[in-house]
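Trainee: After the structure tokens below, expect a handful of questions from me.
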Amino acid sequence: MKSTRLATCVTALILSAVVVYADGVNFTTVTSWNQALELAKKANKPIFLDAYTDWCGWCKVMDKETFSDAKVAAFMNANFVNVKMEMETGEGVDVAMKYRISSYPTFKVFAADGTPTYTVLGYQEPKDWLETLVKMTDPSQSQIAKGITPQLNLNYPDWHRGAYLKGKNKKIADAKTVQAWFDEQPDKYSEVTWSIITRYQLTEAQTAWVMAHEAEYRALYGEEFDQVAQKHAQSIFNNAVVKKDRSLLDKATDLFTKTVPEQAETMRERLQAMYYNRTEDWKQLGDVVEKMSQTADATADGINEFAWNMYEKCEDNPSLVKAADAMKRKTTKLDASKWAFVDTYAALLYKTKQYDEAERQALRAIDMGKEANADVAETEELLKKIRVAKKQ
């Protein structure tokens, strides 16, 4: 069934030394960046910025599940001035433009003088977040980029602000406007030019020029260059799919893995699976999914999207059996909320005519789904089809 949805150790000493805060992280909502800077100056602490939007669902989950955690609250209240700022209203737009914030939730740490030192994107559970917090407060982990100036408001092109506005007011400049502007810039390393490079699609020649000057950009903007490299890699990957060109897939993979060397093999397998999935090469996809399922860090979530697509579109039985076996490995022990993955396993068993086990897994998925208060109507329909097939 379709479903959407760095590790360092936090020492026992740190966790045992903190005071428990039952009410969660003590956030102050600010509407101007100067407010945050004044709070930091007064407290002589770094700023923790929760950059959010009103529509961001994972921002709300972070509030409910992570920032409410007592150990998280204790650590953050002790070490930071914690501020929230809505990024699509008022001066929040200026902060988003300045620090190139376009994915939510984004969390940034700033020294008391306003120098950005650490950035992390996306939701994390309390346990993982505590590990991230340790990195945020470790000077050796600082992500300071000398190309970022203290000035909030820069001389952006008029059309740039529209990319950061809310809802119907959002307007992305057309590619020709952006690309013509880039060609006209005498200083292609300025902070403003860098903001345009990170946000918009340049021509192939312009992108090649940026990639050829990676060393210069990294010297100014550090790890932010990884985002540009990944965007370039994504473009090459999309082209690989369109052309069904394995050499382009390899090129895109090399670029992606360069930005996350610690996850190189996992990234390589996932990109291969995505490529075979989109090109509908089911035999190759079956092999990759089977291999992915045998690694210790693989999850049912990571395999499910490929396995479900094979159930819907693939007619090659050996490949479907491999997908079913992969789901079997990753659905043995799951909590009720993961019932949809068991549904996928049951569906694959049904399609490969393993009806007895398909029936057992469908019943298991239904029980899990009901426990999770989910709508299991589709799985109940699958169970009916399995039982009809058994009688034939």
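The values are calculated or read from the model by the stated rules, or taken from the named source; none is laboratory data. Since we're looking at a predicted model, the values are computed, not measured. Note that each Cβ is placed from the backbone with ideal geometry, even for glycine, and that neighbours are counted across all protein chains shown.
Trainee: Condition test on Trp55, is it surrounded by fewer than 20 Cβ atoms within 10 Å (Cβ to Cβ), over 19 Å from Asp138 (Cα atoms) and among the aromatic types (Phe, Trp, Tyr)?
Mentor: Details: surrounded by fewer than 20 Cβ atoms within 10 Å (Cβ to Cβ): yes; over 19 Å from Asp138 (Cα atoms): yes; among the aromatic types (Phe, Trp, Tyr): yes.
Spelling it out, Trp55 is indeed surrounded by fewer than 20 Cβ atoms within 10 Å (Cβ to Cβ), over 19 Å from Asp138 (Cα atoms) and among the aromatic types (Phe, Trp, Tyr).
Trainee: Could you tell me whether any residue of segment 31-52 is touching a strand residue (DSSP E or B) at 6+ places or on another chain (Cβ under 8 Å), at pLDDT below 95 and part of a loop (DSSP other than H, G, I, E, B)?
Mentor: yes
Trainee: May I ask you to list pairs of residues, at least six apart or on different chains, whose Cβ atoms are under 7 Å apart, with the first in segment 57-69 being assigned to a helix (DSSP H, G or I) and the second being of a type in the set (A, V, I, L, M, F, W, C)?
Mentor: As it stands, the answer is Thr66/Val72; Thr66/Trp129, since those pairs meet every condition given.
Trainee: Does Arg278 qualify as being more than 24 Å from Ala358 (Cβ to Cβ) and modelled with pLDDT of 95 or more?
Mentor: Yes; evaluated as a whole, the condition is true for this residue.
Trainee: Quick check: is even one residue across segment 353-367 assigned to a loop (DSSP other than H, G, I, E, B) and either more than 17 Å from Met292 (Cα to Cα) or not small (Gly, Ala, Ser) (or both)?
Mentor: Within segment 353-367 (the criterion being assigned to a loop (DSSP other than H, G, I, E, B) and either more than 17 Å from Met292 (Cα to Cα) or not small (Gly, Ala, Ser) (or both)), the answer is yes, since at least one residue qualifies.
Trainee: Could you count how many residues in segment 70-100 are out of contact with any Pro (no Cβ under 9 Å at 6 or more places or on another chain), crowded, with 22+ Cβ neighbours inside 10 Å and assigned to a loop (DSSP other than H, G, I, E, B)?
Mentor: Going through segment 70-100 one residue at a time, the tally reaches 1.
Here's the yes/no breakdown for (1) surrounded by 15 or more Cβ atoms within 10 Å (Cβ to Cβ); (2) in a loop (DSSP other than H, G, I, E, B); (3) outside the structural domain of Thr379 (by TED's automatic domain parsing); (4) touching a helix residue (DSSP H, G or I) at 6+ places or on another chain (Cβ under 6 Å):
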| site | (1), (2), (3), (4) |
| --- | --- |
| Met267 | yes, no, yes, yes |
| Arg270 | yes, no, yes, no |
| Asn277 | yes, no, yes, yes |
| Gly286 | yes, no, yes, yes |
| Val289 | yes, no, yes, yes |
| Met292 | yes, no, yes, yes |
| Ala296 | no, yes, yes, no |
| Phe306 | yes, no, yes, yes |
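Trainee: Just to be sure I understand the filter: pairs with C-beta atoms under 8 Å, separated by 6 or more residues or on different chains, first member in segment 280-300 and of a type in the set (Lys, Arg), second member part of a helix (DSSP H, G or I) and crowded, with 19+ Cβ neighbours inside 10 Å. Which pairs pass?
Mentor: Within 8 Å, the pairs are Lys283/Ser319.
Trainee: Return the total of residues in segment 337-369 being among the polar types (S, T, N, Q), surrounded by fewer than 24 Cβ atoms within 10 Å (Cβ to Cβ) and within 28 Å of the chain's Cα centre (by Cα).
Mentor: Residues in segment 337-369 being among the polar types (S, T, N, Q), surrounded by fewer than 24 Cβ atoms within 10 Å (Cβ to Cβ) and within 28 Å of the chain's Cα centre (by Cα): 1 in total.
Trainee: Would you mind stating whether Ala323 is under 30 Å from Ser247 (Cβ atoms), hydrophobic (A, V, I, L, M, F, W, C), modelled with pLDDT of 95 or more and surrounded by 18 or more Cβ atoms within 10 Å (Cβ to Cβ)? First the steps, then the outcome.
Mentor: On the way: under 30 Å from Ser247 (Cβ atoms): yes; hydrophobic (A, V, I, L, M, F, W, C): yes; modelled with pLDDT of 95 or more: yes; surrounded by 18 or more Cβ atoms within 10 Å (Cβ to Cβ): yes.
Considered against the rule, which asks whether it is under 30 Å from Ser247 (Cβ atoms), hydrophobic (A, V, I, L, M, F, W, C), modelled with pLDDT of 95 or more and surrounded by 18 or more Cβ atoms within 10 Å (Cβ to Cβ), Ala323 comes out as yes.
Trainee: OK, next. Looking at Leu248, Leu271, which is the one that is farther than 22 Å from Thr117 by Cα, under 20 Å from the mean Cα position of the chain (by Cα) and of a type in the set (A, V, I, L, M)?
Mentor: Result: Leu271 is the single residue among Leu248, Leu271 that is farther than 22 Å from Thr117 by Cα, under 20 Å from the mean Cα position of the chain (by Cα) and of a type in the set (A, V, I, L, M).
Trainee: Please specify each residue of segment 124-142 satisfying the condition of being surrounded by fewer than 17 Cβ atoms within 10 Å (Cβ to Cβ) and aromatic (Phe, Trp, Tyr).
Mentor: Correct list: empty.
Trainee: Quick one: count up the residues across segment 370-392 that are of a type outside the set (Val, Ile, Thr), over 31 Å from the mean Cα position of the chain (by Cα) and in a helix (DSSP H, G or I). Reasoning before the result, please.
Mentor: Here is the first cut: in segment 370-392, the ones of a type outside the set (Val, Ile, Thr) are 370-375, 377-378, 380-385, 387, 389-392.
From what's left, over 31 Å from the mean Cα position of the chain (by Cα): 380-385, 387, 389-392.
Checking which are in a helix (DSSP H, G or I) leaves us with 380-385, 387, 389-391.
Of the residues in that region, 10 qualify.
Every residue, every condition in (1) of a type in the set (Gly, Ala, Ser); (2) buried (at least 16 other Cβ atoms within 10 Å of the Cβ), yes or no:
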residue: Ile144; (1), (2): no, no
residue: Gln151; (1), (2): no, no
residue: Tyr164; (1), (2): no, yes
residue: Lys168; (1), (2): no, no
residue: Ala173; (1), (2): yes, yes
residue: Lys176; (1), (2): no, no
residue: Trp181; (1), (2): no, yes
residue: Pro186; (1), (2): no, no
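Trainee: Exactly one condition in (1) surrounded by 17 or more Cβ atoms within 10 Å (Cβ to Cβ); (2) more than 18 Å from Phe27 (Cβ to Cβ); (3) not aromatic (Phe, Trp, Tyr) is false for Asp113; which is it?
Mentor: It is condition (1) that Asp113 fails.
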